[in-house]
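Please find one structure pasted underneath; my questions will follow.
No lab work stands behind these numbers, since they all come straight from the coordinates. What you see is a predicted model; the values in this text were computed from it and never measured. Counting neighbours? That spans all protein chains shown, and the Cβs are built from the backbone with ideal geometry, glycine included.
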Amino acid sequence: MTLLTEPVQAGFTAAVDQPYTYVRRELSEPDWRRYPGWATVTESEWRDAQWQRAHSVKNIEQLRAVVGDLLDERFYTDLAADQQQRATMSMLLPPQMLNTMAPHCAPERRTFTEVFYADPIRRYMLPVLSDRDPEWGSHPYAERDSLHESEMWVVEGLTHRYPTKVLAEMLSTCPQYCGHCTRMDLVGNSTPTIGKTKLTLQPADRQERMLDYLRATPTVRDVVVSGGDVANVPWPRLESFVMQLLEIDTIRDIRLATKALAALPQHWLQAKVVDGVNRVAHIAAARGVNLALHTHINHVHSVTPLVAAAARALIDAGLRDVRNQGVLMRGVNATADDLLDLCFALQGEANILPYYFYMCDMIPNAEHWRTSLWEAQQLQLAIMGYLPGFATPRIVCDVPYVGKRWVHQVVQYDRNLGISYWTKNYRTGLDLTDVDALNRVYPFYDPIDSLPAFGQAWWRESCGRPCGTALSVEYGSVTPASDGGTVPDQYGVVAGAGGGEDLASTAGRPSVILPSPSAATTLSGSFRNGHEPTETCARGKQFAGHAEPGSHRPSGLGHEQHAVRDDAG
Ligand code: SF4
């Protein structure tokens, strides 16, 4: 049966004539002097990258020294509890980033705490325990290295996942640490609950081996130079690496990845850095190589005049483009208004191209940030038509063992259980000898708290079973949600009761060819998530080294609590 879907609202708040009304807004730098600890900080200090790094906030005492008693004690208690029990990243906030939280709030103790709690940038850069979902803190299939990047290292730090592209992780630190970091397995300092994996090679050795691989692999034409954040690579070392990449004539695209453009624009405004960018950009242009910078901005409040000035300086220095890859997160930017406000500020005021929004990855303790696939699909539809086409970002799901898929590329979607199925058209570095790799469907999961009561009950029950049986559910056996009837997917097709039908023959759906009926209709068929259903919870190994006291539902899936690694540092 094919049903018409409900009209899409997708979080719009303006509903008079147009769902969204564009109003040009000038960028503004919030006045840092509203914070007691910065009351005497001068403009020249604020613009100094070294001052920003030296005054970055790394712990609660330092946060108190800046904000003082503007924040109620309950916030500090909430923050300390999160750091002890849930945080996957340690605290590291450059003043520039902290200053974008509660940017317009008058410094009055009466209101500040509530505004700070609700602030979208605070919600992902400075998470507190009360933010997290008390029942489903982590999805049962959350993983530390959820994209399996290190499994695809061809040399330490060099992930070869797509046929023509590689990711070069130059280092494992950043000038700022985001609570939802997808590389939480590797990036940053260990926390009380997460012992980080360490890079073992010396940076010079690692980079030389990366370059050797790229010289020997002419099918790679695109290198994302990342980390961590390249703003933490000493500029001479980064320049040397990029110059050597430019000598490999098969490499045609180079992208430098840095969130610091928004969190520490002072770094990218330093004369020594701008001059260095100018040198490499001119050589790139002379050789016809596209050299660009990719940043990570999630909310319009992060786009300040200093950020725009840094992007402008880099464009003027010769970069082909500055692009944004944000992350879609509940409580941060998961409304059409938020996304469009951000994109218009980026595109119209800051010379930064809105490029992607990623659905938040399935790392531990991220459920309160993650959105369901259908919400992401609705948001994609809701932002179409407002921005120039070339500046309309795609919302993508980075499916483990697959790679980025546009959210409307899903081939089947069970909204009762919150499981979407994806295919791929290339082999990753792990599949090169796997004849079935392109004939599989690969799952991704909605946050469980977003599911109808039936789906939530199923997961609760499944988490009480051994791993294998938890996945051995016939797709077509799923019954409709009990709390509101059936749940249509985006094509108006009822998931669950009708979910086992042949996808290719369903009117209104895209015509797709699935590998085999069993692959499409059973979760225990040809199905890859790093965990074969017949294994006796091999996934337990994947969680080894990460303990999540009381939060991780996989205890019922056979994932016991594991000891914290002792390599804190
Ligand atoms: S800047 Fe990127 S790598 Fe660094 S903590 Fe944030 S998300 Fe992770």
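For the range 150-407, what does the relative contact order come out to in percent, with C-alpha contacts under 8 Å and a separation of six or more? Please report the intermediate quantities before stating the final value.
Working: 470 pairs, mean separation 36.7, N = 258.
Relative contact order comes out at 14 percent.
Show log10 I(q)/I(0) for the range 360-456 at q = 0.10 Å⁻¹, two decimals, from a solvent-free Debye sum over equal Cα scatterers.
The calculated log intensity ratios at q = 0.10 Å⁻¹ are -0.32.
Another question about this same structure. Suppose we take every Cα in the range 184-264 and form the convex hull; what volume per residue is that in Å³? Display every interim value, and only then the final one.
Numbers: hull volume 9.1 nm³, N = 81.
In the range 184-264, the Cα convex hull volume per residue is 113 Å³.
Here's a follow-up. Estimate the FRET efficiency between residue 406 and residue 17 by the formula 1/(1 + (r/R0)^6), using the beta-carbon distance for r and 30 Å for R0, to the nearest 0.05. Mind showing how you got there, number by number?
Working: r = 30 Å, r/R0 = 0.98.
Taking R0 as 30 Å, the efficiency between residue 406 and residue 17 is 0.50.
Under 1.5 on a/c is rounded, so check that first for the range 76-175, then, if it is not, pick prolate when a/b is larger than b/c and oblate when it is not; a ≥ b ≥ c are the square roots of the alpha carbon gyration tensor eigenvalues.
Working: a/c = 2.99, a/b = 1.85, b/c = 1.61.
Cα axes put the range 76-175 in the prolate bin.
What does the extension gain come out to for residue 204 and residue 271, with contour length at 0.36 nm per residue minus their alpha carbon separation? Numbers along the way, then the final one.
Details: separation 67, 0.36 × 67 = 24.12 nm, distance 2.50 nm.
That pair, residue 204 and residue 271, stretches by 21.6 nm at full extension.
Sorted by average packing, counted as other Cβ atoms within 10 angstrom per residue and highest first, what order do 330-337, 412-419 take?
Details: 330-337: 21.0, 412-419: 25.2.
Top to bottom by mean Cβ count within 10 Å: 412-419, 330-337.
So how long is each side of the range 150-407 along the principal axes, counting just the alpha-carbon atoms, biggest first, in Å?
Projected onto its principal axes, the Cα set of the range 150-407 covers 44, 41, 34 Å.
Something else: Counting other beta carbons within 10 Å of each residue's own, what order do 256, 201 fall into, fewest first? Walk me through the intermediate numbers first.
Numbers: 256 27, 201 14.
Listed from fewest to most nearby Cβ atoms, that is 201, 256.
A further question follows. Using only the Cα atoms of the range 274-378, what semi-axes does the equivalent ellipsoid have when each is the square root of 5 times a gyration tensor eigenvalue? Give whole Å, largest first. List each step's numbers first, then the result.
Details: eigenvalues 183, 46, 25 Å².
After diagonalising the Cα gyration tensor, the semi-axes are 30, 15, 11 Å.
From the C-alpha gyration tensor of the range 315-354, pull out the three semi-axes of the equivalent ellipsoid (sqrt of 5λ each), sorted largest to smallest, in whole Å.
On the way: eigenvalues 111, 22, 6 Å².
With the √(5λ) rule applied to the range 315-354, the semi-axes are 24, 11, 5 Å.
Taking 51 Å as R0, compute the FRET efficiency from the Cβ-Cβ separation of residue 426 and residue 45 and round it to 0.05. Before the final figure, lay out each step's value.
Working: r = 50 Å, r/R0 = 0.97.
In this case the efficiency is close to 0.55.
Right, here's the next one. So what does the Cα-only Debye profile of the range 32-131 read at q = 0.16, 0.17 Å⁻¹, as log10 I(q)/I(0), no solvent term?
Scattering profile of the range 32-131, log10 relative to I(0): -0.65, -0.74.
Still on this structure, I have one more. In which sequence would 368, 104 go, from the one with the fewest C-beta neighbours within 10 Å to the one with the most? Show your work: numbers first, answer last.
On the way: 368 21, 104 10.
Ranking 368, 104 by Cβ neighbours within 10 Å, fewest first, gives 104, 368.
If neighbour count is taken as other Cβ atoms inside 10 Å, put 213, 401, 22 in order from fewest to most.
Numbers: 213 16, 401 21, 22 12.
Neighbour counts put them in this order, fewest first: 22, 213, 401.
Could you work out Rg/(2.2 N^0.38 Å) for the range 410-461, with Rg from alpha carbons only? Write out the running numbers ahead of the final one.
Working: Rg = 14.2 Å, N = 52, 2.2 N^0.38 = 9.9 Å.
Scaled against compact globular proteins, the figure is 1.44.
Based on a Kirkwood Rh over C-alpha pairs, give the Stokes-Einstein translational diffusion coefficient of the range 46-88 at 37 °C and viscosity 0.692 mPa s in µm²/s.
Working: Rh = 11.7 Å.
Calculated translational D: 280 µm²/s.
Next question. Report the gain in length on full extension from residue 153 to residue 58: 0.36 nm times residue separation, minus Cα-Cα distance, nm rounded to one decimal. Walk me through the numbers before you get to the answer.
On the way: separation 95, 0.36 × 95 = 34.20 nm, distance 3.07 nm.
Result: 31.1 nm gained on full extension.
Report relative contact order for the range 60-126 in percent, whole number only (criteria: Cα-Cα under 8 Å, sequence separation at least 6).
Working: 36 pairs, mean separation 25.6, N = 67.
Over the range 60-126, the number comes to 38 percent.
Related question: Relative contact order, percent, of the range 364-417 when contacts are C-alpha pairs under 8 Å separated by at least 6 residues? List each step's numbers first, then the result.
Working: 25 pairs, mean separation 13.6, N = 54.
The value is 25 percent.
So which lysines can residue 165 reach, going by Cα to Cα under 25 Å and dropping same-chain residues fewer than 8 places off?
198, 259, 404, 424
Residue 154: net charge of surrounding residues, Cβ under 13 Å, Lys/Arg +1, Asp/Glu -1, itself excluded? Don't jump to the answer; show the numbers that get you there.
On the way: positive: 161, 165, 206, 209, 215; negative: 149, 151, 156, 169, 212.
In short, 0.
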